[in-house]
Amino acid sequence: MALSSVLFSPRAVAAALDMSGLLRLNGDMKSSAPDSTTTTATAMTTTTMTIGAVADRFGLATHVLRHWETMDLLRPGRDAGGRRRYDADDLTRVALILQAKDAGLALDTIRALAAAAADPTTRRDILRREAAALRSRIAAAQTSLELLEGALGCAHDDLTRCPNYRRMVAQRLGTPSRTVSPGCASEPPH
């Protein structure tokens, strides 16, 4: 499934979370409605979790959830005592944030994606920029891997004497270098 179709798709994440065992209905809660004749069964229509329970569920520290709230990534409800109460939508949002972070997105980018959820053009622009940045990081990592693999295969005691290493340095400096055959000599020069 494409990243863009998964990010900020609450139904897909909610299905993956299987929240049936996570949330409990608290039937003992009193209604805060002005009409005191309202029954607790009709007053409590949603189920919630504490910040500690959500943190445990996702393997996070509670301060992480609080930080995400200060960044306007989460907006949990509050109970009468002012304590955070997370509902199914909040759990979905936490899962989405974690998915986006796993994809390498910064919290500011995740916030921008959330803000652009109703604007497909803006969302695609953000995702295109992130995909281009990821391609660049992959290319840099590939170059680094080639350097390390070349060094592992080099028989020179001093890597700076390796013709392939010198060629890579010259390329990085943007200076012309003499042509060197690919692959390092298996024996150091005598």
Worksheet item: For the range 65-95, what are the residues that are over 15 Å from Gly52 (Cβ atoms), open to solvent by 40 Å² or more (accessible area, probe 1.4 Å) and assigned to a loop (DSSP other than H, G, I, E, B)?
Response: Asp72, Arg75, Ala80, Asp87
Fill in: Hits in the range 46-58 (condition: part of a loop (DSSP other than H, G, I, E, B) and in contact with a Leu (Cβ under 9 Å, 6 or more places away or on another chain))
Thr46, Thr47
Worksheet item: If you take the residues in the range 103-137 that are part of a helix (DSSP H, G or I) and of a type in the set (Asp, Glu), which one is surrounded by the most Cβ atoms within 10 Å (Cβ to Cβ)?
Response: Glu130
Worksheet item: Right, Ala140: open to solvent by 50 Å² or more (accessible area, probe 1.4 Å) and outside any helix (DSSP H, G or I) or not?
Response: no
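The values are calculated or read from the model by the stated rules, or taken from the named source; none is laboratory data. Predicted model, so just to flag it, every value in this text is computed and none were measured. Here the Cβ is made from the backbone with ideal geometry for all residues, glycine too, and neighbour counts use every protein chain on show. Heavy atoms of the whole protein, side chains included, go into the accessibility calculation; ligands, DNA and RNA do not. Shrake-Rupley method; radii C 1.70, N 1.55, O 1.52, S 1.80 Å.
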